[in-house]
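Only one structure is covered here, and it is reproduced in the block below.
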Amino acid sequence: MENFTGKFIVIDGTDGSGKTTQFNFLIETLKARGYAVEIADFPQYNTKSAGLVEEYLSGKYGSADEVNPKISSIFYACDRYDASFKIRQWLQEGKIVVSNRYVSANMGHQGAKIPDPEKRKEFFDWLYDLEYNLFGIPQPNLSIILHVDSKIAQQLAQQRQREDWVGKTKDIHEENLEHLIHAEQTYLEIAKYPNFKLIECTHNGQIMSREEIQRAVWQEVEQLIQPKQISTTENKDGWIEVICGCMFSGKSTEAAKRITKELISKNREILIFVPQESSREITLSESNTSINTSGKLVSRNGKIFSAIEFPKDQPSAILQYLESQNRPITTVVIEEAHFCHFSLVQVCKKLAEDYKLRVIVVGLDQTFDDEGFGPVPALMVEAEFVTKELAVCVECGSQTANKSWLDKNAREQLEGKILVGDSQYVALCRHCKNKFKKQNQL
Ligand SMILES: [Zn+2]
């Protein structure tokens, strides 16, 4: 099984179990809790890769029983192969992918055509090999199988309107009660496979309420995605430190000092994060050489630490990364925090409060227009410790420079972009900046 930072959850089940309702509910719940969620839905109706599936379901090749289960399985497998590229990408990005049906649907529906349990087992093995080895599609971390008694299911199916597939109200599988019963038995069998969870949706011959099923689904998902206990119980940490200041004030140098101490301390485990989009060339002060900051925390005095990149608009990826770690972490450093989405404040609070970590946030406190920069001012309010570094004013030599300045040329070059080489910035004191502003009529 490939190792992704993201999580892959499949909702499947016998017909009439309310898969789609539960699928939508799960997506909404995850989004509401701040997770980055992507959706897969099979078959991918009205796309080329589902063409043969649609023909098969319409009965063009005969009734369900007339089509060899391996042949129809291949139709579905091709459709999943088509989607596997984007699914793999999402999982690599640390997202939670929720899929409406997956390989389990082939197992359930096609396996149901094979009455002999041993032959069925052989078919499952063949199918696993086809989908996961030959087509190489990602394997789910959790497949939830919703189970409804087949007789209740058929009554429900008759009432149901298919919204996503304009054709007959019932497809060739649903038409056949016998097939439904076999599929039910097969689904109960596959629910015993690793990473499968069976959820009963009926109680005393009655379908359970939507809310009751939702609770059961969420319980399973929560176990998968909830943060593991990553701090030791004796960990006394759990606070936020902000290191801020203007360009050239030595923020990263201060961060490097704290990181170095962490690295030489016993029982400390540190992770450094940097937004992907913040990479740029910076010049080291002593050697006067230039270095690209991509995937690194670089201080101008030449300290370089490798860092984990995350999308700036999605700071919750930091939490997801932490959850994927199997070792106890004590300290998290977030560099270039000013570029991040405002939700970084919530993420830092969670790191300090729920995970009890030492959180060190590094960033510019002001834009070159003297406005608060991104989430940094709010983080200063939230933090226990705030260190504001000052630079030397390039104009008058005062040691109180707290303003970054970008000249007119550089500003025009900037046009909508957020980054320029740091050689175009200078640090100024308040008074010299006012002078420059007047000269430039800003
Ligand atoms: Zn000055």
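The values are calculated or read from the model by the stated rules, or taken from the named source; none is laboratory data. From a predicted model like this one, the values you see are computed outputs, not experimental measurements. Cβ sites come from the backbone with ideal geometry, for glycine too, and all protein chains shown count toward neighbours. Accessible surface is based on the protein model in full, side chains and every heavy atom, while ligands, DNA and RNA are left aside. Shrake-Rupley method; radii C 1.70, N 1.55, O 1.52, S 1.80 Å.
For the condition part of a loop (DSSP other than H, G, I, E, B), within 16 Å of Trp239 (Cα to Cα) and either within 16 Å of the ligand (Cβ to nearest atom) or open to solvent by 60 Å² or more (accessible area, probe 1.4 Å) (or both), Lys350 does not qualify.
Taking the conditions (1) away from the ligand (no atom under 16 Å from the Cβ); (2) out of contact with any Ser or Thr (no Cβ under 7 Å at 6 or more places or on another chain); (3) of a type in the set (Asp, Glu) in turn, Glu336 satisfies each one other than (2). Name the residues in region 413-434 that are open to solvent by 100 Å² or more (accessible area, probe 1.4 Å) and at pLDDT 70 or above, would you? Result: Arg430, His431. Applying the criterion of being in contact (Cβ under 8 Å) with a residue 24 or more places away in the chain and not acidic (Asp, Glu) to the residues of region 194-205, the residue that is surrounded by the fewest Cβ atoms within 10 Å (Cβ to Cβ) is Gly205. Restricting region 78-93 to residues that are of a type outside the set (A, V, I, L, M, F, W, C) and farther than 29 Å from Ile181 by Cα, the residue that is nearest to the chain's Cα centre (by Cα) is Glu93. In the set Ala83, Ala105, Ala112, Ala32, only one residue is modelled with pLDDT under 95 and in contact with a strand residue (DSSP E or B) (Cβ under 6 Å, 6 or more places away or on another chain); that residue is Ala105.
Which of the residues that make up region 286-301 are part of a loop (DSSP other than H, G, I, E, B) and in contact with a helix residue (DSSP H, G or I) (Cβ under 9 Å, 6 or more places away or on another chain)?
Residues of region 286-301 that are part of a loop (DSSP other than H, G, I, E, B), as a first pass: 286-289, 293-295, 299-301.
Within region 286-301, Thr293, Ser294, Gly295, Ser299, Arg300, Asn301 meet the criteria.
Rundown of residues vs (1) over 23 Å from the mean Cα position of the chain (by Cα); (2) crowded, with 22+ Cβ neighbours inside 10 Å, yes/no style:
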{"residue": "Thr29", "(1), (2)": "no, no"}
{"residue": "Arg33", "(1), (2)": "no, no"}
{"residue": "Gly59", "(1), (2)": "yes, no"}
{"residue": "Ser63", "(1), (2)": "yes, no"}
{"residue": "Tyr76", "(1), (2)": "yes, yes"}
{"residue": "Lys95", "(1), (2)": "no, yes"}
{"residue": "Asn100", "(1), (2)": "no, no"}
{"residue": "Val103", "(1), (2)": "no, yes"}
{"residue": "Asn106", "(1), (2)": "yes, yes"}
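If you scan region 311-340, which residues turn out to be assigned to a loop (DSSP other than H, G, I, E, B) and buried (at least 24 other Cβ atoms within 10 Å of the Cβ)? Walk me through it before giving the result.
Residues of region 311-340 assigned to a loop (DSSP other than H, G, I, E, B): 311-315, 324-330, 335-336, 340.
Those that are assigned to a loop (DSSP other than H, G, I, E, B) and buried (at least 24 other Cβ atoms within 10 Å of the Cβ): Pro315, Glu335, Glu336, Cys340.
When region 373-398 is examined, which residues are found to be within 16 Å of the ligand (Cβ to nearest atom) and in a loop (DSSP other than H, G, I, E, B)? Once the filter is applied, which keeps residues that are within 16 Å of the ligand (Cβ to nearest atom) and in a loop (DSSP other than H, G, I, E, B), region 373-398 yields Leu390, Val392, Cys393, Val394, Glu395, Cys396, Gly397, Ser398.
Residue pairs whose Cβ atoms lie under 7 Å apart, sitting 6 or more positions apart in sequence or on different chains, and linking a residue in region 429-440 that is touching a residue at least 12 places away in the same chain (Cβ under 8 Å) to a partner that is open to solvent by 100 Å² or more (accessible area, probe 1.4 Å) and more than 9 Å from the ligand (Cβ to nearest atom), are Asn440/Lys408.
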